[in-house]
Amino acid sequence: MDTIIGVLALDYPAEYSELQVLGKGVSSILQHHSVLGELEEFVFLIDQLRSKLARGDFLDSADLISLRPYCRQEPEGSLLDRLREELGQFDFEAAVVSVEKLGEPSRLRLQARVDERNGGKNMETKPLVLIVDDAPSNIQLLAGLLNSSYQIKVATGGLRCLELAEAEPRPDLILLDIQMPDMDGYEVCQRLKQSEITENIPVIFVTGKDQVEEEELGLSIGAVDYITKPFSPAIVEARIATHITLKQQNDALRNLAMRDQLTGLYNRHFLIDVATKRISHAHRHQQPLCLIMIDIDFFKAVNDQHGHSIGDDVLRDVAKIFVAQSRNEDVVARFGGEEFVFLLDGCDLQAGVNKAENVRLSLENSCVQGLAITASFGLAQLAHGEDFIGVLNRADEAVYAAKSKGRNRVEVAEITPS
């Protein structure tokens, strides 16, 4: 009934222009594109290992190296040792059982985290499908077919589709009609694939155009599938499930590639890539941008006195403090060792100073692993014509100045004359 009501609302676009969710009150407390945390990464790696064993791929103890950072607690530590022994003895049947046991505690912790976020309610996070069609009857048919398994958004035109595709939470898949009044589906698909924000969202054309040439065109401009009307509901469900699974796997792989495995922050490679683009944008639109380089004070002494395991825990906790102090649009990255970087879009020098000082105080006032941890901060505002290496080097020099002046302070870099 809720689906029918939602579709009927499409007849009144002025009043219902912000209609987003159909179905039975699907909660959006959790967003599907949430950042993979340590538990999610570990579960993903376990699933990859289990898949290799199921395929009969050869494995040895070297394949377990990536799991070590996640197995510092019990029972994971003991289970990992057992798995290593079984692989060494080529006892792959026992190894399959051990992999299942190894992943189970983290799955339980992950579920507990989900329950905690949802106020103790075990609510399923469903993938989000955007249905785009100018005919309410077609939307009603597809929404009725999918709303038990997916969150649903709807758009009755191409322009609205582009708006919803870029809005949070973003769709995991788009079902796109071709013939629409304001913009045809081909142009919509091309625009989606040209945008960095939406290029990885799979698009399936669902259309009455059944000519081979039309299908070839749709696939050539970036669609992952092409379904002609009338369609079989079972086939549609199967194809959608397949492409959403592939998207989730690709998202997880991309996340692992851009994340630092220890802290969960963005890594150096991602920082360099995104900073280059944002700096180019800042120059083009004459907008301010600041970069903060942070170096943890006396971190070598933490490792020497308390061990590298505690040192790793300190870095994880410091990373959490930095994330808590960041905006959604900020990029917070681990640059290497005990060095971190904040990239602040649309941030002038005074705002940058305030941000750095707030982060410094937050760290100073936190008891990290029972230790008094501080850091030295170097702030640089992007200068005219400057590239990423230039602003980074100036921030790094400011960090050295902060160290030489007693540490646990913020120093602002001078702008080098061009």
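Any residue at all in the stretch 351-374 that's assigned to a loop (DSSP other than H, G, I, E, B) and closer than 16 Å to G264 by Cα? Spell out the reasoning first.
Of the residues in the stretch 351-374, the ones assigned to a loop (DSSP other than H, G, I, E, B) are 365-366, 369-370, 373-374.
Adding the requirement that they be closer than 16 Å to G264 by Cα leaves none.
No: the stretch 351-374 contains no residue that is assigned to a loop (DSSP other than H, G, I, E, B) and closer than 16 Å to G264 by Cα.
So how many residues does the stretch 257-291 have that are open to solvent by 30 Å² or more (accessible area, probe 1.4 Å), among the hydrophobic types (A, V, I, L, M, F, W, C) and either touching a residue at least 40 places away in the same chain (Cβ under 8 Å) or not in a helix (DSSP H, G or I) (or both)? Number satisfying all stated conditions: 2.
Residues in the stretch 198-213 that are open to solvent by less than 60 Å² (accessible area, probe 1.4 Å) and touching a helix residue (DSSP H, G or I) at 6+ places or on another chain (Cβ under 9 Å): T198, I201, P202, V203, I204, F205, V206, T207, K209.
Within the stretch 159-185, being farther than 14 Å from V129 by Cα and either among the aromatic types (F, W, Y) or crowded, with 24+ Cβ neighbours inside 10 Å (or both) holds for one residue alone: G185.
Filtering I65, I29, I46 for residues that are of a type in the set (V, I, T), closer than 27 Å to D251 by Cβ, at pLDDT 50 or above and loosely packed, with under 13 Cβ neighbours inside 10 Å leaves a single hit, I65.
Selection of the stretch 324-349 for residues being crowded, with 17+ Cβ neighbours inside 10 Å and among the hydrophobic types (A, V, I, L, M, F, W, C) yields V331, V332, A333, F335, F340, V341, F342, L343, L344, C347. E386 satisfies every condition listed in (1) surrounded by 15 or more Cβ atoms within 10 Å (Cβ to Cβ); (2) part of a helix (DSSP H, G or I); (3) among the charged types (D, E, K, R) except (2). Scanning the stretch 350-374 for residues that are more than 27 Å from the chain's Cα centre (by Cα), among the aliphatic types (A, V, I, L, M) and open to solvent by less than 50 Å² (accessible area, probe 1.4 Å) yields V353, L371, I373.
Being more than 22 Å from V368 (Cβ to Cβ), touching a residue at least 12 places away in the same chain (Cβ under 8 Å) and under 25 Å from the mean Cα position of the chain (by Cα): is that true of V314 here? When the stated conditions are applied, V314 does not pass them.
The values are calculated or read from the model by the stated rules, or taken from the named source; none is laboratory data. Keep in mind it's a predicted model, so treat the numbers as computed, not measured. So basically every Cβ, Gly included, is an ideal-geometry build from the backbone, and we count neighbours across all protein chains shown. Note: accessible area is taken over every heavy atom of the protein model, side chains too, but ligands, DNA and RNA are not part of it. Shrake-Rupley method; radii C 1.70, N 1.55, O 1.52, S 1.80 Å.
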